[in-house]
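**Q** Okay, handing you the structure first.
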């Protein structure tokens, strides 16, 4: 009774449980927005589960690609909130890493000197001099693009792309059905928990896992191996990779089937050769008996 009275006197806490996760179709439409920063922002956010504030600390040196034995990128490590007490690390998909790499390479092609200290997000610049239609060097003076700008950019992109219309305040609409940046974080959690250990997901999201933190100490390699299980689920344009994987598996299966068939045919061929050899030996034996007059060929059975 006492706690009921106390709870009624406290202000109501804002609930986020009703907001949904963005769909793959909505995300694909969003990254078609004509600003090159949108693609790396969206794909990195979706595949890492970071908070929007993490972008204010993110430099090129904080992203490290991880390759398999063949040299292909299977993920990339991201250090979140470097040099801060909240520092932790997470991973991103090859798709997200490639989007960031393409963005950094694009900047370099216009004269910006890309180093480990380069901010992942920067301001835009005039790319072509209208009168002469050639590149100009304004890209050489980058200015960091912060989280406040990200929120504005994404909000504008969602509206222009027709994904999320403006709220109708007159009708009492106060919240969108999915929150832009929180929606990306929720997407990460929803997808990864389908195949990963829940504690690993919480750690990669920078959550405090409470008492378990004193006892549960997975290695970076163990977290990576668990994360890789979710790469396809976190990739928006993963149809090609999935198809290539299926084709590879099909080829291997076909190869195995061919091997089995060849082995069976060889076995049948060996059996036929054995029977033919026995038949030849039998005929030689009969002929030998006839020649030695031990068997009369005119005698019928």
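**Q** Obtain the nm distance between the two label points defined at residue 115 and residue 83 by a simple spin-label model: each point lies 7 Å from its Cα along the Cα-to-C-beta direction.
**A** The answer from the label model is 1.4 nm.
**Q** With the Cα gyration tensor of the range 15-237 in hand, convert its eigenvalues to equivalent ellipsoid semi-axes via √(5λ) and list them largest first in whole Å.
**A** Each semi-axis is √(5λ); the values are 29, 25, 16 Å.
**Q** Can you tell me the relative contact order of the range 15-237? Whole percent, Cα pairs under 8 Å, sequence separation 6 or more.
**A** Computed value for the range 15-237: 28 percent relative contact order.
**Q** Moving to a separate point now. What ranking of 55, 103 emerges when the number of other C-beta atoms within 10 Å of each C-beta is taken as an exposure proxy, fewest first?
**A** Lowest count first: 103, 55.
Read-outs: derived from the displayed coordinates by stated rules, not from any lab. Every value quoted in this text rests on a predicted model; they were computed, and no experiment measured them. Ideal geometry is used to build each Cβ from the backbone, glycine not excepted, and the neighbour counts take in all protein chains shown.
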